[in-house]
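Read through the structure below, which is laid out as C-alpha coordinates, and then see the notes.
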There are 2 protein chains.
Amino acid sequence: MNLDSILLAMLKEPTTGYQLKSAFDQNPSHFWPAELSQIYRTLKRLEESGFLKVSTESSDRGPQRRVYRLTATGRKHLHEELAKEPVVISRQRLPYIAQLFFLHELDDLQATREFIQCIREQCITQLATYKKITQQAKAEYGGSLDDATDEAFHKFLTLDVGIRTSKARLKWCDETIEQIDRRLTKGKRKAGAKKRSSK
Amino acid sequence: MNLDSILLAMLKEPTTGYQLKSAFDQNPSHFWPAELSQIYRTLKRLEESGFLKVSTESSDRGPQRRVYRLTATGRKHLHEELAKEPVVISRQRLPYIAQLFFLHELDDLQATREFIQCIREQCITQLATYKKITQQAKAEYGGSLDDATDEAFHKFLTLDVGIRTSKARLKWCDETIEQIDRRLTKGKRKAGAKKRSSK
DNA sequence: TGCAGCATGTAATTTGTTACATGATTCT
DNA sequence: AGAATCATGTAACAAATTACATGCTGCA
(Lines give C-alpha, C1' and ligand atoms only; values in the text may rest on other atoms or scores of the structure.)
Protein backbone atom coordinates (compact mmCIF):
# COMPACT_ATOMS: atom_id res chain seq x y z
CA MET A 1 0.00 0.00 0.00
CA ASN A 2 1.27 3.43 -0.93
CA LEU A 3 -0.12 6.91 -1.44
CA ASP A 4 -1.00 6.07 -5.05
CA SER A 5 -3.39 3.32 -4.02
CA ILE A 6 -4.81 5.35 -1.16
CA LEU A 7 -5.71 8.22 -3.49
CA LEU A 8 -7.24 5.84 -6.02
CA ALA A 9 -9.31 4.28 -3.23
CA MET A 10 -10.50 7.68 -2.05
CA LEU A 11 -11.63 8.66 -5.54
CA LYS A 12 -14.98 6.88 -5.48
CA GLU A 13 -16.50 10.25 -6.26
CA PRO A 14 -14.88 12.69 -8.69
CA THR A 15 -12.84 15.01 -6.48
CA THR A 16 -10.24 17.78 -6.54
CA GLY A 17 -6.83 17.65 -4.84
CA TYR A 18 -7.92 20.13 -2.24
CA GLN A 19 -11.02 18.13 -1.32
CA LEU A 20 -8.90 14.98 -1.11
CA LYS A 21 -6.65 16.67 1.42
CA SER A 22 -9.65 17.55 3.58
CA ALA A 23 -10.95 13.99 3.38
CA PHE A 24 -7.48 12.76 4.20
CA ASP A 25 -7.35 14.80 7.37
CA GLN A 26 -10.67 13.34 8.50
CA ASN A 27 -9.58 9.74 8.42
CA PRO A 28 -6.65 8.17 6.61
CA SER A 29 -4.33 10.70 8.25
CA HIS A 30 -4.31 8.47 11.35
CA PHE A 31 -2.49 5.76 9.50
CA TRP A 32 -1.09 7.77 6.59
CA PRO A 33 -0.40 11.49 6.84
CA ALA A 34 0.13 13.37 3.56
CA GLU A 35 0.81 16.94 2.57
CA LEU A 36 -1.15 18.79 -0.12
CA SER A 37 1.96 19.20 -2.26
CA GLN A 38 2.50 15.48 -2.24
CA ILE A 39 -1.13 14.80 -3.09
CA TYR A 40 -1.02 17.14 -6.10
CA ARG A 41 2.19 15.60 -7.39
CA THR A 42 0.83 12.07 -6.98
CA LEU A 43 -2.46 12.91 -8.72
CA LYS A 44 -0.49 14.26 -11.67
CA ARG A 45 1.55 11.07 -11.91
CA LEU A 46 -1.54 8.88 -11.61
CA GLU A 47 -3.13 10.83 -14.44
CA GLU A 48 -0.03 10.33 -16.61
CA SER A 49 -0.25 6.59 -15.88
CA GLY A 50 -3.83 6.58 -17.09
CA PHE A 51 -5.32 5.67 -13.70
CA LEU A 52 -7.15 8.97 -13.47
CA LYS A 53 -8.57 11.49 -15.87
CA VAL A 54 -9.02 15.20 -15.18
CA SER A 55 -11.60 17.73 -16.21
CA THR A 56 -11.21 21.41 -15.51
CA GLU A 57 -14.32 23.00 -14.09
CA SER A 58 -14.87 26.62 -13.16
CA SER A 59 -16.43 26.98 -9.74
CA ASP A 60 -18.70 29.81 -8.54
CA ARG A 61 -16.21 30.75 -5.86
CA GLY A 62 -12.47 30.58 -6.08
CA PRO A 63 -10.33 29.68 -9.08
CA GLN A 64 -10.85 26.81 -11.52
CA ARG A 65 -10.91 23.33 -10.04
CA ARG A 66 -9.31 20.25 -11.52
CA VAL A 67 -11.69 17.36 -10.92
CA TYR A 68 -10.15 13.88 -11.00
CA ARG A 69 -12.05 10.73 -11.94
CA LEU A 70 -10.99 7.10 -11.57
CA THR A 71 -10.63 5.24 -14.88
CA ALA A 72 -11.30 1.54 -15.44
CA THR A 73 -7.52 0.93 -15.55
CA GLY A 74 -7.18 2.80 -12.29
CA ARG A 75 -9.84 0.68 -10.60
CA LYS A 76 -8.19 -2.49 -11.86
CA HIS A 77 -4.81 -1.33 -10.55
CA LEU A 78 -6.34 -0.52 -7.16
CA HIS A 79 -7.94 -3.94 -6.87
CA GLU A 80 -4.62 -5.60 -7.65
CA GLU A 81 -2.91 -3.60 -4.93
CA LEU A 82 -5.63 -4.42 -2.40
CA ALA A 83 -5.42 -8.14 -3.15
CA LYS A 84 -1.72 -8.21 -2.22
CA GLU A 85 -0.42 -9.67 1.03
CA PRO A 86 0.17 -7.14 3.81
CA VAL A 87 3.67 -5.65 3.92
CA VAL A 88 6.11 -6.92 6.54
CA ILE A 89 5.01 -5.04 9.63
CA SER A 90 8.32 -5.48 11.44
CA ARG A 91 10.16 -3.32 8.88
CA GLN A 92 8.70 -0.16 10.35
CA ARG A 93 10.74 2.76 11.57
CA LEU A 94 9.83 3.71 15.14
CA PRO A 95 11.76 6.87 15.97
CA TYR A 96 10.51 7.11 19.53
CA ILE A 97 11.65 3.54 20.30
CA ALA A 98 15.04 4.27 18.75
CA GLN A 99 15.39 7.36 20.89
CA LEU A 100 14.44 5.45 24.04
CA PHE A 101 16.89 2.67 23.19
CA PHE A 102 19.81 5.09 23.11
CA LEU A 103 18.57 7.43 25.83
CA HIS A 104 20.80 5.73 28.44
CA GLU A 105 23.64 7.68 26.80
CA LEU A 106 22.40 10.79 28.56
CA ASP A 107 22.92 8.98 31.87
CA ASP A 108 19.87 10.70 33.29
CA LEU A 109 16.97 8.50 34.34
CA GLN A 110 14.89 11.57 35.07
CA ALA A 111 15.14 12.48 31.38
CA THR A 112 13.91 9.00 30.45
CA ARG A 113 11.00 9.45 32.86
CA GLU A 114 9.99 12.72 31.19
CA PHE A 115 10.33 11.07 27.79
CA ILE A 116 7.90 8.29 28.74
CA GLN A 117 5.60 10.85 30.34
CA CYS A 118 5.50 12.65 27.02
CA ILE A 119 4.65 9.48 25.12
CA ARG A 120 1.96 8.77 27.70
CA GLU A 121 0.26 12.09 26.97
CA GLN A 122 0.35 11.38 23.26
CA CYS A 123 -1.26 7.99 23.85
CA ILE A 124 -4.10 9.61 25.79
CA THR A 125 -4.71 12.19 23.05
CA GLN A 126 -4.64 9.51 20.40
CA LEU A 127 -7.06 7.31 22.33
CA ALA A 128 -9.47 10.20 22.69
CA THR A 129 -9.33 10.85 18.94
CA TYR A 130 -9.93 7.21 18.09
CA LYS A 131 -12.88 7.04 20.45
CA LYS A 132 -14.42 10.20 19.03
CA ILE A 133 -14.23 8.81 15.50
CA THR A 134 -15.63 5.49 16.69
CA GLN A 135 -18.63 7.32 18.17
CA GLN A 136 -19.21 9.21 14.92
CA ALA A 137 -18.95 5.99 12.94
CA LYS A 138 -21.37 4.21 15.28
CA ALA A 139 -23.91 6.97 14.77
CA GLU A 140 -23.65 6.37 11.03
CA TYR A 141 -24.36 2.65 11.06
CA GLY A 142 -26.83 2.67 13.93
CA GLY A 143 -24.77 1.13 16.73
CA SER A 144 -24.97 -2.58 15.95
CA LEU A 145 -21.88 -3.78 14.12
CA ASP A 146 -23.73 -6.78 12.72
CA ASP A 147 -25.95 -4.49 10.66
CA ALA A 148 -23.08 -2.28 9.51
CA THR A 149 -21.99 -2.27 5.87
CA ASP A 150 -18.70 -3.89 4.93
CA GLU A 151 -17.24 -0.42 4.56
CA ALA A 152 -18.24 0.57 8.09
CA PHE A 153 -17.02 -2.80 9.38
CA HIS A 154 -13.56 -2.31 7.88
CA LYS A 155 -13.40 1.19 9.26
CA PHE A 156 -14.30 -0.16 12.68
CA LEU A 157 -11.52 -2.76 12.46
CA THR A 158 -8.85 -0.12 11.80
CA LEU A 159 -10.11 1.99 14.70
CA ASP A 160 -10.22 -1.06 16.95
CA VAL A 161 -6.59 -2.03 16.32
CA GLY A 162 -5.58 1.59 16.91
CA ILE A 163 -7.42 1.72 20.23
CA ARG A 164 -5.97 -1.58 21.38
CA THR A 165 -2.37 -0.73 20.57
CA SER A 166 -2.75 2.73 22.14
CA LYS A 167 -4.14 1.15 25.30
CA ALA A 168 -1.30 -1.37 25.43
CA ARG A 169 1.23 1.42 24.98
CA LEU A 170 -0.44 3.52 27.65
CA LYS A 171 -0.30 0.66 30.15
CA TRP A 172 3.36 0.21 29.26
CA CYS A 173 3.98 3.89 29.96
CA ASP A 174 2.33 3.69 33.36
CA GLU A 175 4.18 0.59 34.47
CA THR A 176 7.46 1.88 33.06
CA ILE A 177 7.16 5.14 35.00
CA GLU A 178 6.62 3.10 38.17
CA GLN A 179 9.72 1.05 37.42
CA ILE A 180 11.78 4.16 36.79
CA ASP A 181 10.64 5.62 40.08
CA ARG A 182 11.70 2.45 41.89
CA ARG A 183 15.08 2.69 40.15
CA LEU A 184 15.39 6.36 41.06
CA THR A 185 14.76 5.83 44.80
CA LYS A 186 17.06 2.80 44.79
CA GLY A 187 19.75 4.94 43.14
CA LYS A 188 19.33 7.62 45.80
CA ARG A 189 19.69 5.08 48.61
CA LYS A 190 22.91 3.84 47.07
CA ALA A 191 24.21 7.38 46.63
CA GLY A 192 23.34 8.08 50.25
CA ALA A 193 25.17 4.97 51.40
CA LYS A 194 28.17 5.97 49.34
CA LYS A 195 28.18 9.44 50.93
CA ARG A 196 28.04 8.04 54.44
CA SER A 197 30.83 5.59 53.80
CA SER A 198 33.09 8.22 52.20
CA LYS A 199 33.03 10.75 55.01
CA MET B 1 15.53 10.55 15.86
CA ASN B 2 16.97 9.70 12.46
CA LEU B 3 19.62 7.41 11.02
CA ASP B 4 22.28 10.06 11.68
CA SER B 5 21.70 10.00 15.41
CA ILE B 6 21.37 6.23 15.49
CA LEU B 7 24.75 5.77 13.84
CA LEU B 8 26.36 8.31 16.16
CA ALA B 9 24.89 6.46 19.14
CA MET B 10 26.18 3.13 17.86
CA LEU B 11 29.71 4.50 17.47
CA LYS B 12 30.78 4.17 21.09
CA GLU B 13 33.66 2.07 19.79
CA PRO B 14 35.52 2.98 16.57
CA THR B 15 33.80 0.91 13.88
CA THR B 16 33.58 0.36 10.14
CA GLY B 17 30.45 0.68 8.03
CA TYR B 18 30.30 -3.04 7.55
CA GLN B 19 30.49 -3.77 11.27
CA LEU B 20 27.80 -1.19 11.92
CA LYS B 21 25.50 -3.00 9.54
CA SER B 22 26.02 -6.27 11.43
CA ALA B 23 25.35 -4.58 14.75
CA PHE B 24 22.28 -2.98 13.21
CA ASP B 25 20.87 -6.32 12.23
CA GLN B 26 21.26 -7.58 15.77
CA ASN B 27 19.17 -4.96 17.41
CA PRO B 28 18.12 -1.56 16.11
CA SER B 29 16.77 -3.23 12.99
CA HIS B 30 13.60 -4.04 14.96
CA PHE B 31 12.71 -0.41 15.20
CA TRP B 32 14.86 0.96 12.38
CA PRO B 33 15.93 -1.15 9.41
CA ALA B 34 18.76 0.22 7.23
CA GLU B 35 20.64 -0.95 4.17
CA LEU B 36 24.43 -0.94 3.91
CA SER B 37 24.37 1.51 1.03
CA GLN B 38 22.44 3.98 3.15
CA ILE B 39 24.76 3.48 6.11
CA TYR B 40 27.83 4.24 3.97
CA ARG B 41 26.24 7.35 2.52
CA THR B 42 25.21 8.60 5.96
CA LEU B 43 28.65 7.95 7.48
CA LYS B 44 30.21 9.99 4.69
CA ARG B 45 27.86 12.90 5.35
CA LEU B 46 28.43 12.71 9.12
CA GLU B 47 32.16 12.88 8.49
CA GLU B 48 31.72 15.93 6.27
CA SER B 49 29.71 17.56 9.06
CA GLY B 50 32.57 16.94 11.47
CA PHE B 51 30.62 14.54 13.69
CA LEU B 52 32.92 11.65 12.81
CA LYS B 53 36.50 11.25 11.73
CA VAL B 54 37.88 8.39 9.65
CA SER B 55 41.15 6.56 9.64
CA THR B 56 42.05 4.04 6.97
CA GLU B 57 43.49 0.86 8.40
CA SER B 58 44.74 -2.16 6.52
CA SER B 59 43.35 -5.35 7.95
CA ASP B 60 45.00 -8.77 7.95
CA ARG B 61 42.15 -10.20 5.97
CA GLY B 62 40.13 -8.47 3.26
CA PRO B 63 40.65 -5.01 1.82
CA GLN B 64 41.39 -1.80 3.72
CA ARG B 65 38.85 -0.77 6.32
CA ARG B 66 37.66 2.73 7.02
CA VAL B 67 37.32 3.05 10.79
CA TYR B 68 35.00 5.81 12.01
CA ARG B 69 35.37 7.55 15.36
CA LEU B 70 32.94 9.88 17.12
CA THR B 71 34.26 13.42 17.60
CA ALA B 72 33.44 15.73 20.50
CA THR B 73 31.12 17.70 18.19
CA GLY B 74 29.43 14.46 17.19
CA ARG B 75 28.85 13.46 20.81
CA LYS B 76 27.45 16.89 21.58
CA HIS B 77 25.10 16.68 18.59
CA LEU B 78 23.94 13.22 19.67
CA HIS B 79 23.17 14.38 23.19
CA GLU B 80 21.13 17.28 21.83
CA GLU B 81 19.12 14.91 19.66
CA LEU B 82 18.52 12.52 22.55
CA ALA B 83 17.35 15.32 24.84
CA LYS B 84 14.59 16.28 22.39
CA GLU B 85 10.94 15.44 22.97
CA PRO B 86 9.71 12.27 21.27
CA VAL B 87 8.32 12.78 17.77
CA VAL B 88 4.55 12.76 17.31
CA ILE B 89 3.79 9.06 17.29
CA SER B 90 0.48 9.47 15.48
CA ARG B 91 2.24 10.71 12.32
CA GLN B 92 3.31 7.20 11.43
CA ARG B 93 2.54 5.49 8.14
CA LEU B 94 0.88 2.13 8.71
CA PRO B 95 0.52 0.53 5.27
CA TYR B 96 -1.25 -2.57 6.54
CA ILE B 97 -3.89 -0.50 8.31
CA ALA B 98 -4.38 1.58 5.17
CA GLN B 99 -4.83 -1.56 3.12
CA LEU B 100 -7.35 -2.97 5.59
CA PHE B 101 -9.27 0.30 5.64
CA PHE B 102 -9.86 0.17 1.90
CA LEU B 103 -10.13 -3.60 1.60
CA HIS B 104 -13.93 -3.43 1.57
CA GLU B 105 -13.55 -2.25 -2.04
CA LEU B 106 -12.82 -5.85 -3.03
CA ASP B 107 -16.22 -6.81 -1.65
CA ASP B 108 -14.80 -10.11 -0.45
CA LEU B 109 -14.84 -10.76 3.29
CA GLN B 110 -12.89 -13.96 2.78
CA ALA B 111 -10.02 -11.88 1.40
CA THR B 112 -10.13 -9.70 4.52
CA ARG B 113 -10.03 -12.85 6.64
CA GLU B 114 -6.89 -14.06 4.86
CA PHE B 115 -5.35 -10.63 5.22
CA ILE B 116 -5.82 -10.66 9.00
CA GLN B 117 -4.59 -14.25 9.13
CA CYS B 118 -1.41 -13.09 7.45
CA ILE B 119 -0.91 -10.27 9.92
CA ARG B 120 -1.55 -12.76 12.73
CA GLU B 121 1.32 -14.94 11.56
CA GLN B 122 3.62 -11.95 11.41
CA CYS B 123 2.68 -11.02 14.97
CA ILE B 124 3.58 -14.50 16.17
CA THR B 125 6.96 -14.42 14.43
CA GLN B 126 7.68 -10.97 15.80
CA LEU B 127 6.74 -12.01 19.33
CA ALA B 128 9.07 -15.00 19.13
CA THR B 129 11.93 -12.76 18.00
CA TYR B 130 11.32 -10.26 20.80
CA LYS B 131 11.23 -13.03 23.38
CA LYS B 132 14.43 -14.58 22.12
CA ILE B 133 16.26 -11.25 22.39
CA THR B 134 14.78 -10.70 25.84
CA GLN B 135 16.18 -14.04 26.96
CA GLN B 136 19.63 -13.18 25.59
CA ALA B 137 19.52 -9.79 27.30
CA LYS B 138 18.47 -11.36 30.60
CA ALA B 139 21.42 -13.74 30.44
CA GLU B 140 23.68 -10.69 30.10
CA TYR B 141 22.45 -8.81 33.17
CA GLY B 142 21.85 -11.84 35.34
CA GLY B 143 18.05 -11.99 35.39
CA SER B 144 17.14 -9.32 37.91
CA LEU B 145 16.17 -6.05 36.25
CA ASP B 146 16.93 -4.10 39.41
CA ASP B 147 20.60 -4.96 39.11
CA ALA B 148 20.77 -4.27 35.38
CA THR B 149 22.76 -1.32 34.05
CA ASP B 150 20.88 1.67 32.67
CA GLU B 151 21.79 0.50 29.19
CA ALA B 152 20.28 -2.96 29.75
CA PHE B 153 17.25 -1.34 31.39
CA HIS B 154 16.59 0.86 28.37
CA LYS B 155 17.01 -2.09 26.07
CA PHE B 156 14.50 -4.02 28.15
CA LEU B 157 12.00 -1.16 27.91
CA THR B 158 12.08 -1.15 24.11
CA LEU B 159 11.64 -4.91 24.00
CA ASP B 160 8.79 -4.70 26.50
CA VAL B 161 6.80 -2.16 24.50
CA GLY B 162 7.35 -4.29 21.40
CA ILE B 163 6.07 -7.42 23.11
CA ARG B 164 3.05 -5.64 24.52
CA THR B 165 1.96 -4.07 21.25
CA SER B 166 2.52 -7.35 19.38
CA LYS B 167 0.38 -9.17 21.94
CA ALA B 168 -2.37 -6.58 21.68
CA ARG B 169 -2.29 -6.84 17.88
CA LEU B 170 -2.37 -10.63 18.05
CA LYS B 171 -5.42 -10.56 20.30
CA TRP B 172 -7.05 -8.15 17.88
CA CYS B 173 -6.34 -10.55 15.00
CA ASP B 174 -7.92 -13.47 16.84
CA GLU B 175 -11.05 -11.60 17.83
CA THR B 176 -11.36 -10.01 14.39
CA ILE B 177 -11.20 -13.39 12.67
CA GLU B 178 -14.01 -14.58 14.95
CA GLN B 179 -16.07 -11.53 14.03
CA ILE B 180 -15.48 -12.07 10.34
CA ASP B 181 -16.56 -15.69 10.66
CA ARG B 182 -19.80 -14.60 12.35
CA ARG B 183 -20.35 -12.11 9.52
CA LEU B 184 -19.62 -14.76 6.93
CA THR B 185 -22.15 -17.29 8.31
CA LYS B 186 -24.72 -14.53 8.76
CA GLY B 187 -24.18 -13.51 5.12
CA LYS B 188 -24.73 -17.11 4.01
CA ARG B 189 -27.96 -17.39 5.99
CA LYS B 190 -29.23 -14.27 4.29
CA ALA B 191 -28.22 -15.56 0.88
CA GLY B 192 -30.00 -18.85 1.67
CA ALA B 193 -33.15 -17.05 2.80
CA LYS B 194 -33.09 -15.02 -0.37
CA LYS B 195 -32.83 -18.17 -2.46
CA ARG B 196 -35.73 -19.83 -0.68
CA SER B 197 -37.94 -16.78 -1.00
CA SER B 198 -37.17 -16.34 -4.67
CA LYS B 199 -38.16 -19.81 -5.83
C1' DT C 1 -8.50 46.17 5.33
C1' DG C 2 -7.08 41.94 6.71
C1' DC C 3 -7.85 37.19 7.67
C1' DA C 4 -9.77 32.59 6.85
C1' DG C 5 -10.86 29.30 3.61
C1' DC C 6 -10.79 27.61 -1.24
C1' DA C 7 -7.68 26.31 -4.86
C1' DT C 8 -3.48 25.38 -7.44
C1' DG C 9 0.97 24.22 -7.81
C1' DT C 10 6.78 24.33 -8.10
C1' DA C 11 11.46 23.73 -6.10
C1' DA C 12 14.85 22.06 -3.19
C1' DT C 13 16.25 18.81 -0.11
C1' DT C 14 16.29 14.64 2.48
C1' DT C 15 15.48 9.92 3.09
C1' DG C 16 14.94 5.27 1.69
C1' DT C 17 15.12 1.34 -1.82
C1' DT C 18 17.11 -1.47 -5.34
C1' DA C 19 20.41 -2.71 -8.39
C1' DC C 20 25.00 -2.72 -9.81
C1' DA C 21 30.19 -3.13 -9.35
C1' DT C 22 34.56 -4.70 -7.26
C1' DG C 23 37.85 -7.47 -4.85
C1' DA C 24 40.30 -10.01 -1.02
C1' DT C 25 40.37 -14.10 2.22
C1' DT C 26 38.92 -18.37 4.21
C1' DC C 27 36.66 -22.55 4.39
C1' DT C 28 34.84 -26.77 2.05
C1' DA D 1 37.17 -24.50 -7.80
C1' DG D 2 33.41 -22.25 -5.72
C1' DA D 3 30.77 -20.37 -1.95
C1' DA D 4 30.57 -17.52 2.14
C1' DT D 5 32.17 -13.68 4.55
C1' DC D 6 34.56 -9.34 4.92
C1' DA D 7 34.76 -4.83 2.88
C1' DT D 8 33.90 -0.86 0.01
C1' DG D 9 31.10 1.85 -2.48
C1' DT D 10 28.10 4.27 -6.85
C1' DA D 11 23.85 5.16 -9.50
C1' DA D 12 19.22 5.52 -10.34
C1' DC D 13 15.04 5.92 -8.65
C1' DA D 14 11.06 6.59 -5.42
C1' DA D 15 8.93 8.81 -1.61
C1' DA D 16 8.40 12.37 1.77
C1' DT D 17 9.26 16.99 3.90
C1' DT D 18 9.55 21.86 3.87
C1' DA D 19 9.39 26.08 1.96
C1' DC D 20 7.89 29.08 -1.43
C1' DA D 21 4.55 31.32 -4.70
C1' DT D 22 -0.04 32.79 -6.37
C1' DG D 23 -4.74 34.41 -6.36
C1' DC D 24 -9.89 34.44 -5.59
C1' DT D 25 -14.13 35.01 -2.39
C1' DG D 26 -16.59 36.22 1.63
C1' DC D 27 -16.86 37.85 6.10
C1' DA D 28 -15.89 40.75 10.30
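List of remarks:
- Too-long pairs where the Cα-Cα distance tops 31 Å, listed order kept, from A:53/B:171; A:188/B:84; A:44/A:131; A:131/B:171; A:21/B:188: A:53/B:171; A:44/A:131; A:21/B:188
- Compared with the dominant principal axis of the Cα atoms in chain A, helix A:109-141 is inclined by about 30°.
- Summed over both chains, the area buried between B and A is near 7700 Å², taken from the accessible surface of protein heavy atoms with a 1.4 Å probe.
- With the whole protein complex present, residue A:167 retains an accessible surface near 100 Å², based on a 1.4 Å probe.
- Distances from residue A:136 to itself in the other copies, using label points 7 Å out along the Cα-Cβ axis, amount to 4.4 nm in increasing order.
- Debye equation applied to the C-alpha atoms of the range A:3-82, log10 I(q)/I(0) at 0.14, 0.25, 0.26 Å⁻¹: -0.43, -1.28, -1.35
- Ligands, DNA and RNA are left out, and with a 1.4 angstrom probe the accessible area of the range B:3-82 is 55 Å² per residue.
- Between amide H atoms placed 1.01 Å from N, distances below 5 Å from residue B:52 occur with B:47, B:71, all of them 5 or more places distant or on a separate chain.
- The range B:1-42 has equivalent-ellipsoid semi-axes of 13, 11, 11 Å, by the square roots of 5 times the alpha carbon gyration tensor eigenvalues, sorted largest first.
- Where rotation carries A onto B, the chain A residue whose Cβ is nearest that axis, in whole Å: A:168, 2
- The local environment of residue A:95, defined by Cβ-Cβ distances under 11 Å, has a net charge of +2 under the rule Lys, Arg +1 and Asp, Glu -1.
- Across the range A:37-188, the mean sequence separation of Cα contacts (distance under 8 Å, 6 or more residues apart), normalised by length, yields a relative contact order of 17 percent.
- 222 nm mean residue ellipticity, helices alone, for the protein assembly as shown (DSSP H n ≥ 4; -39,500 (n - 2.57); rounded to 500): -22500 deg cm²/dmol
- Unit charges on C-beta of K, R, D, E only; dipole of chain B, Debye: 1360
- With all protein chains in place and a 1.4 Å probe, the accessible surface of the range A:94-198 carries 51 percent carbon and sulfur.
- Phi angles across the range A:69-77 convert, under the Karplus curve 6.51 cos²θ - 1.76 cosθ + 1.60 with θ = phi - 60°, into 3J(HN,Hα) values of 10, 6, 9, 4, 4, x, 5, 4, 4 Hz, Gly and Pro given as x.
- Debye log10 I(q)/I(0) for chain A, one point scatterer per Cα, at q = 0.08, 0.17 Å⁻¹: -0.45, -1.23
- Shape descriptor for the protein assembly as shown: Rg over Rh equals 1.04 (Cα atoms; Rh from the Kirkwood inverse mean 1/r).
- When B:51, B:115 are compared by accessible area of protein heavy atoms, the largest-first order is B:51, B:115, using a 1.4 Å probe.
The values are calculated or read from the model by the stated rules, or taken from the named source; none is laboratory data. None of these values were measured; they are calculated from a predicted model. For neighbour counting, all protein chains shown are included, and Cβ atoms are generated from backbone atoms with ideal geometry for every residue, glycine included. Ligands, DNA and RNA are stripped out before the accessible areas are found, and what is left, the full protein with its side chains, is counted by its heavy atoms. Shrake-Rupley method; radii C 1.70, N 1.55, O 1.52, S 1.80 Å.
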